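S.K.: I have a structure I would like to understand better, so I am pasting it below and will then ask my questions one at a time.
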Amino acid sequence: MKALVWDGHEAKVCEHPEPVATASDEAIVEVSLAGVCATDLEITRGYMDYRGVLGHEFVGRVEWGPEEWVGSRVVGEINAACGACEVCAEGNPRHCPNRSVLGIQDRDGVFAERVVLPIANLHRVPDEVLDEAAVFAEPLAAAFEILEQVDVGACDHCLVFGDGRLGLLIAQVLATTGASVHAVGRHREKLALLEARGVRTVTADDFEAAPFQADIVVEATGSADGFARAIAATRPRGTLVLKSTVADAPSVDLAPLVIHEITVVGSRCGPFGPALEALANSSVDVAPLIAERFPLSRGVEALDRARQKGVLKVLIDPKA
């Protein structure tokens, strides 16, 4: 099959072995559409020292597996847990020390014609959700994880740094709680997408000229220097949520975290149920986030396009 593979030095579209289901609780999924994520781009800069098929955001149809799943349109969680360790027994499979991670660690990803995943990782997509929306399920679930970790209420003031793909989703998810939300970004056209949804925005330049603090601050710029900026914007005894994963390690003064008793929350993957529900009822709008769509044969070009400044979600179509 065709796949977009990272070999540690370059990404290339090439012939790659077909995925094989090695257990009765696995399924082979024909990929209908996949999305390029900032993490995919970081991998090509050395993050996680990964080798293999890239990609972890997708929607597809089950081609082979348990009979009741065959033909189902699905999205999938990226962490494939062992199911046998103490962490899994405690109900934390996303943090299984023996896990493989789709397109990130020890498991081929979805920039390919087919992919194999455990049935436990799959979620059926509601009929009313188009493929172009369903492909956002994984990053949207990551945005909803914040609500699993932090108690966000109507009285809270939230500040989201970053107007990229994830930042735009996070701002919309926080707004569903009734909280006061401000998004800070460098691209007026992207901030306008949030303004159309009733989210208040401020450009990075204007924020630097007149900074303010918030109860809950989310760092989603994807930049190594974003941590320090987010710390300064968090009120004493406030909560700082870190969403960025970058290959470059930041150098930052941690003393303010102690002095101001700031709670720091690392936040990664999240619940697919609320994400799919939000896509079904349109409480989160993802359509304006799609920048361009490429066939898999032009996968390298898709990565280059996603790297360009100001570009939002680039999709890869293995069927085109």
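S.K.: Tell me, which residue of the stretch 17-42 that is modelled with pLDDT of 95 or more and of a type in the set (D, E, K, R) is surrounded by the most Cβ atoms within 10 Å (Cβ to Cβ)?
M.R.: Looking at residues that are modelled with pLDDT of 95 or more and of a type in the set (D, E, K, R), I get 40.
S.K.: Then there is this: Of the residues 90, 63, 68, which single one is in contact with a Lys or Arg (Cβ under 9 Å, 6 or more places away or on another chain) and surrounded by fewer than 21 Cβ atoms within 10 Å (Cβ to Cβ)?
M.R.: Values: 90 fails: in contact with a Lys or Arg (Cβ under 9 Å, 6 or more places away or on another chain); 68 fails: in contact with a Lys or Arg (Cβ under 9 Å, 6 or more places away or on another chain).
Residue meeting the stated conditions: 63.
S.K.: Of everything in the stretch 228-263 that's at pLDDT below 95 and hydroxyl-bearing (Ser, Thr, Tyr), which residue is farthest from residue 168 (Cα to Cα)?
M.R.: 251
S.K.: Only strands (runs of 3 or more DSSP E) wholly contained in the stretch 156-240 count here; list those with 3 or more residues that are buried (at least 18 other Cβ atoms within 10 Å of the Cβ) and in contact with a strand residue (DSSP E or B) (Cβ under 8 Å, 6 or more places away or on another chain).
M.R.: 157-161, 180-185, 214-219
S.K.: May I pose another question? If the Cβ limit is 6 Å and pairs must be 6+ apart or interchain, which residue in the stretch 43-66 that is at pLDDT 95 or above pairs with which residue that is surrounded by fewer than 16 Cβ atoms within 10 Å (Cβ to Cβ) and aliphatic (A, V, I, L, M)?
M.R.: 62/70
S.K.: Just to be sure before I move on: is residue 290 touching a residue at least 40 places away in the same chain (Cβ under 8 Å) and on the phi < 0 side of the Ramachandran plot in the structure I sent?
M.R.: So residue 290 passes the test.
S.K.: If you don't mind, another one. Can you list the strands (runs of 3 or more DSSP E) found entirely within the stretch 39-145 that contain at least 2 residues being more than 20 Å from the chain's Cα centre (by Cα)?
M.R.: Passing ranges, in order: 57-64.
The values are calculated or read from the model by the stated rules, or taken from the named source; none is laboratory data. Just so it is clear, the model here is predicted, and its values are computed rather than measured. FYI the Cβ positions are ideal-geometry reconstructions off the backbone, even for glycines, and counts take in every protein chain you see.
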